[in-house]
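K.L.:
Handing you a structure now.
The values are calculated or read from the model by the stated rules, or taken from the named source; none is laboratory data. Since this is a predicted model, take the numbers as computed values, not measurements. Cβ placement follows ideal geometry from the backbone for every residue including glycine, while neighbour counts extend to all protein chains displayed.
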Amino acid sequence: MGHHFGDRPMLIGGAFTTGQDWITSVNPATEEEIGRVPAGTAEDVNRAVEAAAKAQPGWNARSIWERAALLRKVAAGFRARAQEILTMEASDTGNTIGKLRADVEIAAGYLEYFAGLASEMKGETVPATPKGIHFTLREPFGVVARIVPFNHPFMFAGAHLAAPLTAGNTVVIKTPETSPLSGHLLAQVCHEFLPPGVVNIVSGYGLPVGDTLVRHPLIRRIGFTGSVATGLAIQRAAAEVAVKHVTLELGGKNPLIVFPDADVEKAVDAAVAGMNFSWAGQSCGSTSRLLVHESLYDRAVELTRAKVAALKLGDPLDSTSEMGPVNSAGHYKRVMGFIEKGKSEGGKLLTGGGRPKGEMFKRGFWIEPTVFADMTPDMTVAREEIFGPVMSIGKFKTVDEAVAIANATEYGLTTSLFTNDITLALSTAKRIETGVVAINGSAMHHIGLPFGGARNSGLGGEECLEELLSYTQVKSVHVLM
Ligand code: NAD
């Protein structure tokens, strides 16, 4: 521990920019101050959008392969600075560095993936009249806003550049107000390899920075990753100003269902791995609801308790640590509030439930990995996204009951099913309203397949061709002869 990263300016129109006010970032493991970013203003946002608008025609005038080559350079720039990025990111987020290493590779991988897909931004020809030629073109929106959450700020900001830039848009990124420091390293790499104004990075709070960005008249396309409440606020704000194309990657309360024929040990392993304790459960895809057939319930409860209780909490920069603190003081209070609700609403606390014991956990936002059993669908911990190291286990008797419980929240991000009965697996997959279903594994991201939510978990699939196309708008052209 003990890193200090100093002041980390924003990138606006190719210039590193500070301001009057700052946001001080603390290491969530120690509460030590580790650096600052400017608290951006509405004026900063306006300048960033204008710079992006000025750069966009030149960026779009390059061939797709020229743009692709530059994106590959940015990807290589991420890899070249991976250690620096990861040290900063683990210190600023509390995510443990062992698993976090994948984040730089994922961000670089998406830049390369979308660069390679560039020629798939194809149109169609339609034989609409006997003599004419009728076809479609895909064109960029212009300036795209991408707004990023705190759980993987570098990975999301880096990966989310790829599709809009490939499509010929320029981008303004808004980094999260907690864990904002790595946005500056992203800015440095973009500054090194891309023309000024093509990527602009503004730090600050939701109000005014996020809101001003969403409402800016030159922003016609918004890609948001974050909570349902903010997603709804963004849709409302956008709609007050103009018709804007908004995609949303929001929260989840993801069930993992264990049917009676399943290998219960494998299922519990997948549930605990899927919880993403490496980032203290702060993952939209966390398998936070384990639903087990009554015949396997007691065994699943004991296996889960033992596995979760054995997790090694420690310094996020130590590659043997399996879990760090939660991200911020505010989030600590929120997660602890859910744990208290779990206790008061009759959940059976199997392990965890408070601040871990030991000298190193006296300061910082540490919460024990926590498991509640005897969860019923009406309990708050079974219904609401906690976005923390808290999982709950409930039981079911029939398939219909399992499906009903799985569908009993506002969310619809992922589902995981454990069974060797292919008919049961596929028929259940069709009945559960989530955007992603995994059978005999916990649901994850696979490049090329849409990741996105149904219901209040979101709008639009990402990490696939659909994401690239969603950063284009279609124009029909009719050649009449
Ligand atoms: P959040 O919604 O509080 O904040 C996300 C971002 O939105 C931040 O940068 C914030 O400053 C900004 N923001 C806040 N108010 C705004 C406004 N009015 N207008 C514009 N921007 C505004 O979310 P969070 O707490 O940072 O992240 C946690 C949430 O993100 C969880 O719900 C999690 O499930 C979700 N998430 C989803 C995915 C996914 O792919 N589905 C991935 C990661 C996180």
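K.L.:
Within the bounds of the stretch 274-293, is there any residue that is at pLDDT 95 or above, more than 18 Å from ALA443 (Cβ to Cβ) and away from the ligand (no atom under 16 Å from the Cβ)?
P.N.:
Yes, the stretch 274-293 has at least one match.
K.L.:
Sort out which residues of the stretch 321-342 are more than 28 Å from GLU33 (Cα to Cα) and in contact (Cβ under 8 Å) with a residue 12 or more places away in the chain, and write them in order of number. Lay out the reasoning, then the answer.
P.N.:
Let us first name the residues in the stretch 321-342 that are more than 28 Å from GLU33 (Cα to Cα), namely 340-342.
Scanning the stretch 321-342 gives LYS341, GLY342.
K.L.:
Considering only residues of the stretch 189-209 that are surrounded by fewer than 24 Cβ atoms within 10 Å (Cβ to Cβ) and either under 23 Å from GLY94 (Cβ atoms) or at pLDDT below 95 (or both), which is nearest to the ligand (Cβ to nearest atom)?
P.N.:
It comes out as GLY206.
K.L.:
I've got another one for you. Given PHE150, PHE135, PHE114, which one is among the aromatic types (Phe, Trp, Tyr) and either within 27 Å of ASN27 (Cα to Cα) or outside the structural domain of ALA53 (by TED's automatic domain parsing) (or both)? If you could, list the steps in order and put the result at the bottom.
P.N.:
Numbers: PHE135 fails: either within 27 Å of ASN27 (Cα to Cα) or outside the structural domain of ALA53 (by TED's automatic domain parsing) (or both); PHE114 fails: either within 27 Å of ASN27 (Cα to Cα) or outside the structural domain of ALA53 (by TED's automatic domain parsing) (or both).
Just one listed residue meets the conditions, PHE150.
K.L.:
I'm told LYS333 meets every condition in (1) assigned to a helix (DSSP H, G or I); (2) crowded, with 22+ Cβ neighbours inside 10 Å except one. Can you identify the failing condition by its number?
P.N.:
LYS333 satisfies every listed condition except (2).
K.L.:
Now, a different point. Here's a check for you: in the stretch 246-273, which residue that is near the ligand (Cβ under 10 Å from one of its atoms) and assigned to a strand (DSSP E or B) is surrounded by the fewest Cβ atoms within 10 Å (Cβ to Cβ)?
P.N.:
The qualifying residue surrounded by the fewest Cβ atoms within 10 Å (Cβ to Cβ) is LEU248.
K.L.:
Run down LYS99, LYS131 and say which single residue is over 26 Å from GLU249 (Cβ atoms), among the basic types (Lys, Arg) and not in a strand (DSSP E or B).
P.N.:
LYS131
K.L.:
Of the conditions (1) assigned to a strand (DSSP E or B); (2) basic (Lys, Arg); (3) closer than 20 Å to GLY330 by Cα, ARG363 clears all except one; give me its number.
P.N.:
Among (1) assigned to a strand (DSSP E or B); (2) basic (Lys, Arg); (3) closer than 20 Å to GLY330 by Cα, ARG363 violates only (1).
K.L.:
Looking at the stretch 210-230, which of the residues that are charged (D, E, K, R) and within 11 Å of the ligand (Cβ to nearest atom) is farthest from TRP22 (Cα to Cα)?
P.N.:
Keep residues of the stretch 210-230 that are charged (D, E, K, R), which gives 211, 215, 220-221.
With within 11 Å of the ligand (Cβ to nearest atom) added as a condition, the list becomes 211, 215.
Details: ASP211: 18, ARG215: 23 Å.
Result: ARG215.
K.L.:
Cβ-Cβ below 6 Å, separation at least six or inter-chain, first residue in the stretch 409-425 and surrounded by fewer than 16 Cβ atoms within 10 Å (Cβ to Cβ) and part of a strand (DSSP E or B), second among the polar types (S, T, N, Q) and modelled with pLDDT under 95: which pairs?
P.N.:
Hits for this filter: zero, empty list.
K.L.:
If you don't mind, there's one more thing I want to ask. Only residues that are assigned to a strand (DSSP E or B) and in contact with a helix residue (DSSP H, G or I) (Cβ under 8 Å, 6 or more places away or on another chain): list them for the stretch 184-241, please. Talk me through it step by step, then tell me what you get.
P.N.:
First, the residues of the stretch 184-241 that are assigned to a strand (DSSP E or B): 199-202, 219-225.
Correct list: VAL199, ASN200, ILE201, VAL202, ILE219, ARG221, ILE222, GLY223, PHE224, THR225.
K.L.:
Sticking with this structure for a sec: Determine, yes or no, whether GLU368 is surrounded by fewer than 23 Cβ atoms within 10 Å (Cβ to Cβ) and within 14 Å of PRO255 (Cβ to Cβ).
P.N.:
On the way: surrounded by fewer than 23 Cβ atoms within 10 Å (Cβ to Cβ): yes; within 14 Å of PRO255 (Cβ to Cβ): no.
For GLU368, the condition - surrounded by fewer than 23 Cβ atoms within 10 Å (Cβ to Cβ) and within 14 Å of PRO255 (Cβ to Cβ) - is not met.
K.L.:
Follow-up question, since we're still on this one. Which residue out of SER442, SER457 is buried (at least 22 other Cβ atoms within 10 Å of the Cβ) and under 27 Å from LEU296 (Cβ atoms)? Reasoning before the result, please.
P.N.:
Numbers: SER457 fails: under 27 Å from LEU296 (Cβ atoms).
Exactly one residue qualifies, and that residue is SER442.
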